[in-house]
Amino acid sequence: MRLSKFFVPTLKEIPNDAVVKSHILMLRSGMIKMISAGIYAFLPLGYRVIRKISEIIREEMNAIGGQEFHLPALNPKEIWEETNRVEAFGDTLFHVKNRDYVLAPTHEEIITYLARNVVKSYKDMPQIWYQIQTKFRNEPRPRSGVIRGRQFLMKDAYSLDSSWEGLDTAYDLHDKAYRKIFDRCGLKYFVVGASSGAMGGTGSEEFMVRSEAGEDTVAYCEHCGYAANVEVAVSNVSETGREQKSEDVKEISTPGVKSIDELCSFLKIKEDQCAKSRVYISEGKPVLVLMLGNEEVNETKLGKALGGNVRPAHPEELKELTGADAGSIGPIGFNGKIIADNRLTDANNLYSGANKNDFHLAGIDLKRDVKNITYSDLRNVQPGEKCIKCGNSLEVFSAIELGHIFKLGTKYSDSMNAKFLDENGKEQPIIMGSYGIGVERVMACYIEQHNDESGLVWDKTLAPFHVHLIGLNMKKDEIVQTCDKLYIEMNKKGIEVLYDDRVDAQAGFKFKDADLLGIPLQVIVGDKKLKENKVEVKIRKTGERFDVRIGELITRVEDELK
RNA sequence: CGGGGUGUGGCUCAGCCCGGUUAGAGCGCCUGGUUCGGGACCAGGAGGCCGGAGGUUCGAAUCCUCUCACCCCGACCA
């Protein structure tokens with residue numbers, strides 16, 4: 001491709017609206033352009049990368065027996081009503097105004113619709129059906145460029161099986177295929193076991209990439225690979241323990257003291273002598289939650305421990321339930337269920353609120369003074385805590401979800417009545433799995449991991465081109481002739497070449513553009529080297545340069561690209 | 001949906017507080033010339049109803065009201 005005829009609007013300056021690295025670089029390198037919040041046009045250069053990623057995905061999906069479909073984005077609303085997901089998706093689902101259609105945010109319904117009354121026998125399975133297509137979600141807040149958009153390219157696969165063992169097999173196949181896909185793409189990723197959320201189902205794994213731009217926070221053990229969302233990651237910190245002698249409970253006047261910090265400095269005590277109280281409402285009933293010191297309540301864990309959803313009590317409710325405002329609430333005299341974090345197990349000589357404004361209690365012994373207290377893991381894992389699997393130190397950081405595989409089971413086949421006859425002639429619901437990859441996220445994550453101060457740094461696999469051929473002064477015939485010749489030869493050899501044949505751009509300008517685009521090899525044709533019948537090769541990743549005789553260039557380029 | 005911020009030529013921004021020539025700069029773009037291995041130089045030029053609507057005023061990019069768009073934090077997120 002000749003750059004003079006190729007639409008690559010590179011930007012020297014950082015676009016105002018972009019914040020994360022990948023977004024900035026995709027815009028600056030002329031790969032995408034924003035049309036509206038969360039809606040991007042892929043320009044020719046960017047689309048080449050998308051196609052390379054898609055092709056890798058396609059190869060690995062085909063390798064596990066996947067069959068590629070092309071499914072409609074416009075779906076009749078009534079199909080979605082069968083599974084009750086019009087309501088479940090709520091405002092996230094795009095509705096078409098002038099007909100009863102929705103824009104598909106995912107394709108379980110369509111797949112189940114296709115299978116129903118067609119996949120009728122256990123002999124018709126297993127099946128793996130997939131698509132690489134645009135999906136639509138009315139995200140309340142698109143962000144980070146292509147990472148969270150309102151329309152995005154997704155590979156979604158669905159497995160159909162006649163047995164749970166078959167589902168396990170399909171799930172394992174996808175797990176392995178995903179690892180191959182992300183390995184081939186050159187991504188550093190990790191795998192998190194996760195709850196399957198609104199998709200329903202039993203087992204699930206998320207494929208994640210560490211990134212500042214990530215929306216999930218995970219705890220990760222470099223040593224053994226343990227990884228879990230902090231919402232569920234088990235905390236592994238020792239209990240604060242009991243002191244030998246239990247003091248008597250004693251009321252202390254603490255005027256104006258609200259926070260644990262204030263309490264500690266007012267009484268000159270340490271944080272871990274305090275029990276922080278938070279009141280939640282669970283199933284309509286108040287629950288007092290005690291945390292050691294100033295630790296935050298993990299509401300997901302709390303919900304799990306109490307079996308249901310929880311919400312913090314409103315200020316008015318606090319006053320009504322305890323007689324005090326936030327900051328003066330405590331376990332003694334609290335009328336309702338009391339649950340404490342494991343770290344407080346049987347602790348004594350604690351300070352906490354007195355359920356009376358401007359007073360706290362000292363000498364609280366949870367074992368002696370608080371009957372019916374239960375203990376549970378309610379805190380967030382902190383960096384440096386011991387991994388529950390191997391005991392090494394955990395890291396906590398944010399990450400982007402690239403892919404998600406889960407066992408759906410019969411949720412959709414049940415609600416849409418997709419049944420088959422088993423070996424015994426008995427009717428059974430089809431057992432399904434669902435497996436997604438955010439194609440644009442793969443690209444963004446790759447860029448997050450492969451860039452430097454000059455721009456992008458592609459490996460050959462995903463690079464939009466293999467070689468960036470730069471004619472330095474295209475007003476000189478020898479240079480043009482040499483470049484043209486090399487361009488034709490490389491094309492003939494199947495080497496993908498971007499040829500900077502622009503006449504009006506100066507050398508420095510071309511170099512900066514080339515570094516920004518980050519194509520792995522640069523072949524530089526200039527006056528100086530040409531006199532010795534040589535051209536210069538620069539390896540983008542290392543910055544290394546060397547001269548090569550023109551006659552040997554093709555072989556050398558082929559070697560470098562191996 | 002809550003909080004914060006920004007809308008001025010294709011891009012990055014100044015001007016706004018304190019209203020008053022013809023609305024500016026750098027980059028980019030067009031013409032001609034010089035340059036030609038790390039985002040060149042000279043000369044000339046095109047391009048803006050200052051996000052939109054209403055209002056205050058003799059006069060509004062600037063003040064007021066409403067509205068739209070976009071960004072960030074939070075809520076939400078298969």
*From the set of residues in the range A:405-418 that are touching a residue at least 40 places away in the same chain (Cβ under 8 Å) and charged (D, E, K, R), which is surrounded by the fewest Cβ atoms within 10 Å (Cβ to Cβ)?*
A:411
*Taking the stated definitions as given, is residue A:444 in a helix (DSSP H, G or I) and either surrounded by 20 or more Cβ atoms within 10 Å (Cβ to Cβ) or modelled with pLDDT under 95 (or both)?*
yes
*Where in the range A:456-562 are the helices (runs of 4 or more DSSP H), entirely inside, with at least 3 residues that are within 16 Å of RNA strand B (Cβ to nearest atom)?*
A:477-492, A:507-517, A:527-530
_Checking the condition touching a strand residue (DSSP E or B) at 6+ places or on another chain (Cβ under 9 Å), within 25 Å of residue A:266 (Cβ to Cβ) and part of a loop (DSSP other than H, G, I, E, B), which residue from A:363, A:327 passes?_
A:327
*List the number of the failed condition for residue A:428; all other conditions in (1) surrounded by fewer than 18 Cβ atoms within 10 Å (Cβ to Cβ); (2) over 39 Å from the mean Cα position of the chain (by Cα); (3) not in a loop (DSSP other than H, G, I, E, B) hold.*
(2)
*Can you name the residue in the range A:130-150 that is basic (Lys, Arg) and over 29 Å from residue A:160 (Cβ atoms) and, of all such residues, is nearest to the chain's Cα centre (by Cα)?*
A:148
*Name, by its number, the condition in (1) within 13 Å of RNA strand B (Cβ to nearest atom); (2) among the hydroxyl-bearing types (Ser, Thr, Tyr); (3) out of contact with any Phe, Trp or Tyr (no Cβ under 9 Å at 6 or more places or on another chain) that does not hold for residue A:435.*
(3)
*Consider residue A:160 carefully, then state whether it is part of a strand (DSSP E or B) and more than 16 Å from RNA strand B (Cβ to nearest atom).*
yes
*asked:* Quick check on the range A:344-358. Is at least one of its residues over 22 Å from residue A:261 (Cβ atoms) and assigned to a strand (DSSP E or B)?
replied: no
*Answer yes or no: is there a residue in the range A:415-431 that is among the polar types (S, T, N, Q), touching a Lys or Arg at 6+ places or on another chain (Cβ under 8 Å) and either under 16 Å from residue A:522 (Cα atoms) or in the same structural domain as residue A:164 (by TED's automatic domain parsing) (or both).*
yes
*Taking the condition of a type in the set (D, E, K, R), out of contact with any helix residue (DSSP H, G or I) (no Cβ under 8 Å at 6 or more places or on another chain) and more than 18 Å from residue A:447 (Cα to Cα), does residue A:172 pass?*
yes
*Only listed residue being out of contact with any Phe, Trp or Tyr (no Cβ under 7 Å at 6 or more places or on another chain) and within 7 Å of RNA strand B (Cβ to nearest atom), chosen from A:27, A:11, A:45*: A:11
*When only residues in the range A:529-551 that are in contact with a Leu (Cβ under 8 Å, 6 or more places away or on another chain) and of a type in the set (A, V, I, L, M, F, W, C) count, which is surrounded by the most Cβ atoms within 10 Å (Cβ to Cβ)?*
A:535
_Qualifying position, being among the hydrophobic types (A, V, I, L, M, F, W, C), at negative phi and not assigned by TED's automatic domain parsing to the domain that holds residue A:549, among A:443, A:474_ = A:443
*Could you say which residue among A:84, A:62 is away from RNA strand B (no atom under 14 Å from the Cβ) and either under 30 Å from residue A:166 (Cα atoms) or not assigned by TED's automatic domain parsing to the domain that holds residue A:124 (or both)?*
A:62
*Among the residues of the range A:148-170, is any of a type in the set (Phe, Trp, Tyr), more than 30 Å from residue A:38 (Cα to Cα) and surrounded by fewer than 19 Cβ atoms within 10 Å (Cβ to Cβ)?*
yes
*All positions within the range A:366-391 that are of a type outside the set (Ser, Thr, Tyr) and assigned to a strand (DSSP E or B)*: A:386
*When residue A:526 is evaluated against the numbered criteria (1) closer than 22 Å to residue A:49 by Cα; (2) surrounded by fewer than 22 Cβ atoms within 10 Å (Cβ to Cβ), which criterion, by number, is the only one it fails?*
(1)
*When only residues in the range A:376-394 that are crowded, with 18+ Cβ neighbours inside 10 Å and of a type outside the set (D, E, K, R) count, which is nearest to residue A:307 (Cα to Cα)?*
A:378
*Does the range A:40-47 contain at least one residue that is surrounded by fewer than 17 Cβ atoms within 10 Å (Cβ to Cβ), touching a strand residue (DSSP E or B) at 6+ places or on another chain (Cβ under 6 Å) and of a type outside the set (A, V, I, L, M, F, W, C)?*
no
*Residues of the range A:101-127 being among the small types (Gly, Ala, Ser) and either closer than 15 Å to residue A:71 by Cβ or touching a His at 6+ places or on another chain (Cβ under 8 Å) (or both), which ones?*
A:104, A:115
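The values are calculated or read from the model by the stated rules, or taken from the named source; none is laboratory data. Quantities reported herein were computed from a predicted structural model and do not represent experimental measurements. Using ideal geometry, Cβ is built from the backbone for each residue, glycine included, and neighbour counts are taken over all protein chains shown.
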